[in-house]
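Peer 1: Got a structure here, written out as structure tokens. Questions coming.
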Amino acid sequence: MKYLLNFFSKIGIDFLSRAIGLITIPIVTRKLGPEGFGLYSFVMIISSYFGMFIDFGYFLNASNQLSKNPEDFQSIVNKVLSIRIITSVISYGLLLLSFFFFDSVTYYFLLLYSLAFFAQATKIEYYHVSMNRVYFNSFTELMGQLCYLAGVLLLFTHFASLWVLLSLTLLAAVVASSISIYPFLRIAKFHFITGIKENIAFLKESYKLGLSQKLEFFASSIVSLMIGILLTKENLGYYSAAFKVYQILILVLTGITYTMMADVFKSIKSDEKIDCIRINKLFYLFLFSGLFLGAIVSAFAPLIIKILFGIKFMPSLNILRGLGITVGIWPIIMFSGLLFIGFNQQGYYFITTAITAVLSVLFTLYYIHAFGFQGVAYTFPSVGVISTIVSLVYLKKMVGKKNVTLHELFSPHTLITSMRLSLFQKKN
């Protein structure tokens, strides 16, 4: 019951947060235009690359450790906070030294928005996930989004500039981070851990997951970066508009993953048999969510673009349809990653994400060369299909060691049989 409460409450709150994003997108894109929105996206991408090590697998590792050792929560949270604060200072320092890589305007935009590094460092989503309070993470995002919405409606609409928009984005991050850490500070004290041995030990435990996470980030962001470099900021604006819708849908799917995460980590043990029925139910809940969202986007892509971005962004149409197809595929890859982590098979997780990252580069280069900007529409579906096959191959290899088959885990027959059994038990 608690699981279902977490799931539905989180989905409801996430829906509100994404709805706010959908409300502000038409205002932002119409005020900035394709080129201005492209520059905004470029600043966000570059800033993300500088701050990519602030969460280097710490979220997944801390969630796993806190789920298994809840009594040690203060030590684990303080350890992660300390590492991430140190990393954020280093990341911002490197950004300060990068002024000769960018024009002066872009550089100052980066300095402003990248102050969000420090908000990112003090956000403790992993703590709430381990406490089975995943909905609280959604609540923090909702509060940040509400502040952002108020700023856009009251300020940006009258003073439409990239400076104002980046400041509001930074404000949303600070609000979300402050609310996230508040429950922890009420019952515990933050103690900055400077011990090199302790930090190094935790870094070693996290690095495989960190590499996998960064490869996932690289796979999703490299397309935007290559468009910004190889094509024009206007093309990047078109792509970023479609990708914004895709990101909203992936965030919803990620929220479902977080809902499942603690349950999977607690129930799956490397020395025990897999509960095929439970895994099967979770998988189909996840898969149907992705298929539903993907079908909606693919079917109503022209209407979505007209309503959200305006007629000027119609070159985004094929891109959005391709991303809609990808949303339907991606739950298989995400769920596979969750199983890899649950069974401590980080090596498989790393390999699949590495293949996804490499494929993203190769397919983007090929499709841009062959079809120009519109060829980017084929990148993510192509990557998704091959990555799904790779994930299933490694899953088969992993569960085979537990005397379980993929058919037992993912077969519709398993789902139907379990549902019939549940109905029969309720009748009796």
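The values are calculated or read from the model by the stated rules, or taken from the named source; none is laboratory data. All values reported here derive from a predicted model rather than from experimental measurement. Cβ placement follows ideal geometry from the backbone for every residue including glycine, while neighbour counts extend to all protein chains displayed.
Peer 1: When region 95-119 is examined, which residues are found to be out of contact with any Leu (no Cβ under 8 Å at 6 or more places or on another chain), closer than 16 Å to Val43 by Cβ and assigned to a helix (DSSP H, G or I)?
Peer 2: Correct list: Phe99, Phe101, Ser104, Val105, Tyr107, Tyr108, Phe117.
Peer 1: Select from region 138-164 the residues that are in a helix (DSSP H, G or I) and in contact with a Lys or Arg (Cβ under 8 Å, 6 or more places away or on another chain) and write down the one among them that is surrounded by the fewest Cβ atoms within 10 Å (Cβ to Cβ).
Peer 2: Taking the candidates together, the pick is Phe156.
Peer 1: Shifting gears a bit: For region 31-62, enumerate the residues that are among the aliphatic types (A, V, I, L, M) and part of a helix (DSSP H, G or I).
Peer 2: Across region 31-62, the qualifying residues are Leu32, Leu39, Val43, Met44, Ile45, Ile46, Leu60, Ala62.
Peer 1: Condition first: of a type in the set (S, T, N, Q) and either more than 16 Å from the chain's Cα centre (by Cα) or closer than 15 Å to Phe410 by Cβ (or both). Now tell me which residues in region 308-343 satisfy that.
Peer 2: Within region 308-343, Ser316, Asn318, Ser336 qualify.
Peer 1: Within the set of pairs 6 or more residues apart or between chains, which connect a residue that is more than 24 Å from Thr232 (Cα to Cα) and at pLDDT 85 or above inside region 297-317 to a residue that is aliphatic (A, V, I, L, M) and assigned to a helix (DSSP H, G or I) with Cβ atoms less than 8 Å apart?
Peer 2: Val297/Val245; Val297/Leu249; Val297/Ile304; Val297/Leu320; Val297/Leu323; Val297/Val327; Ser298/Ile325
Peer 1: Out of all the residues in region 31-41, is one or more under 16 Å from Ala116 (Cα atoms), crowded, with 19+ Cβ neighbours inside 10 Å, modelled with pLDDT of 70 or more and of a type outside the set (Phe, Trp, Tyr)?
Peer 2: Checked against the condition, which is being under 16 Å from Ala116 (Cα atoms), crowded, with 19+ Cβ neighbours inside 10 Å, modelled with pLDDT of 70 or more and of a type outside the set (Phe, Trp, Tyr), region 31-41 yields at least one hit.
Peer 1: Given the residues Ser240, Ser206, Ser289, which is the only one that is in a helix (DSSP H, G or I), at pLDDT below 75 and small (Gly, Ala, Ser)?
Peer 2: Only one candidate passes the filter, namely Ser206.
Peer 1: Sort out which residues of region 161-193 are under 12 Å from Gln145 (Cα atoms) and touching a Leu at 6+ places or on another chain (Cβ under 8 Å), and write them in order of number.
Peer 2: Hits for region 161-193 are Leu168, Leu170.
Peer 1: Follow-up question, since we're still on this one. Please indicate, with yes or no, whether at least one residue in region 343-353 is closer than 23 Å to Thr257 by Cβ, β-branched (Val, Ile, Thr) and out of contact with any Leu (no Cβ under 6 Å at 6 or more places or on another chain).
Peer 2: Yes, there is a match, as at least one residue in region 343-353 is closer than 23 Å to Thr257 by Cβ, β-branched (Val, Ile, Thr) and out of contact with any Leu (no Cβ under 6 Å at 6 or more places or on another chain).
Peer 1: Let me ask something else. Can you pull out the helices (runs of 4 or more DSSP H) entirely within region 309-402 that have at least 2 residues that are among the charged types (D, E, K, R) and surrounded by fewer than 18 Cβ atoms within 10 Å (Cβ to Cβ)?
Peer 2: 379-400
Peer 1: Quick one: which of Phe184, Phe192 is surrounded by fewer than 21 Cβ atoms within 10 Å (Cβ to Cβ) and either among the small types (Gly, Ala, Ser) or not in a helix (DSSP H, G or I) (or both)?
Peer 2: Phe192
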